[in-house]
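What follows is one structure encoded as structure tokens, with my remarks underneath.
What follows draws every value from the coordinates through simple rules; no lab data is involved. The model shown is predicted, which means the values in this text are computed figures rather than measured ones. Glycine gets a Cβ as well: all are built from the backbone with ideal geometry, and neighbour counts include every protein chain shown.
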Amino acid sequence: MKPAEAIRFDNSRAQAGGWDQPATYRRSVTAGELDLTHGAILYLEDITVSFDGFVALNKLSRTIDAGELRCVIGPNGAGKTTMMDVITGKTRPDAGTVFFGQRIDLTKLSEAEIAHAGIGRKFQKPTIFEQQTVFENLELAMKADKRVRTTLLARLAADERDRIAETLAKVRLADASDRTAGLLSHGQKQWLEIGMLLMQEPLLLLLDEPVAGMSDEETERTAELFQSLAGQRSLVVVEHDMAFIEKIARKVTVLHEGSVIAEGPMGEVQNDPRVIEVYLGR
């Protein structure tokens, strides 16, 4: 599936009842078979998570539309990371449901199955193969069979090389293709990890503080990258850099103590008295 076609999903199997049995969709779910009948790619309903009496998420309910770029902000401890942990299967909710499309119940899948279904996550600290070149990092991210012997002996087909070249251009690392990844700047390492995620063709990207530690120029380029991805992928961006959020925001959700206290265009959110009180502090 080409990136430009990323949200043109085939609903035929889902509408025919192909996802009714959990065992079936666990084996068969692919990115091209996501049911987006109502236009949303992710549904969170009444999600509650607590840790030793501390409520991290309190009956959180939200939807993310296909192709949407959603920004999530809030003070430390608001529940932003826990929300991402629930979506990716790292944390199981005490109550509530999480659906990917209409039929895929993420609470019944493992982390690996959720990634295979089409959800990619980028943590704040980039995770790359620092001893390999930039090109090799993208190649390794693409490989379905990660056994060492298979990976070393495999040869890239022309279309696979084209995919890597397209991704290098998209994340602005075409000129650094042969550079050892460990020698990249912090911002370039962040772009490389995003490129590695894109090689897996996710339909939903979760990005946790992606511009932390970046220079102003790198931050600007990252904003351009995310804006180019919106519409081709769905993006949920958690970030504290408000200048960056202002550049990319189309819709902003504000979390506080595990609940949504405001949501809407950036201008409205910035002027919300409660958001000012608990987060913006001006």
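Rg/Rh for the range 55-193 (Cα atoms only, Rh after Kirkwood) is 1.02. With the simple model of a label 7 Å out from the Cα in the direction of the Cβ, Ala112 to Glu220 spans 4.4 nm. Among the trypsin sites (Lys or Arg not before Pro) within the range 57-98, those in coil by DSSP and having at most 13 neighbouring Cβ atoms inside 10 Å are Lys90. Residues whose amide H comes within less than 5 Å of that of Val72, counting only those at least five positions distant or on another chain, are Val237, Val238, Glu239, Thr253 (H built at 1.01 Å from N in the peptide plane). Kirkwood analysis of the range 106-263, using all unique Cα-Cα pairs, places the hydrodynamic radius at 16.7 Å. Our estimate of slack between Glu277 and Phe129, defined as 0.36 nm per intervening residue step minus the Cα-Cα distance, is 49.1 nm. The length gained by stretching the chain between Glu268 and Asp178 to full extension, at 0.36 nm per residue less their Cα-Cα distance, is 27.9 nm.
Label point of Ala95 set 7 angstrom out along Cα-Cβ; within the range 47-65, amide nitrogens under 17 Å from it belong to 47-62. Counting 0.36 nm for each residue step from Ala212 to Asp162 and taking away their Cα separation leaves a gain of 14.9 nm.
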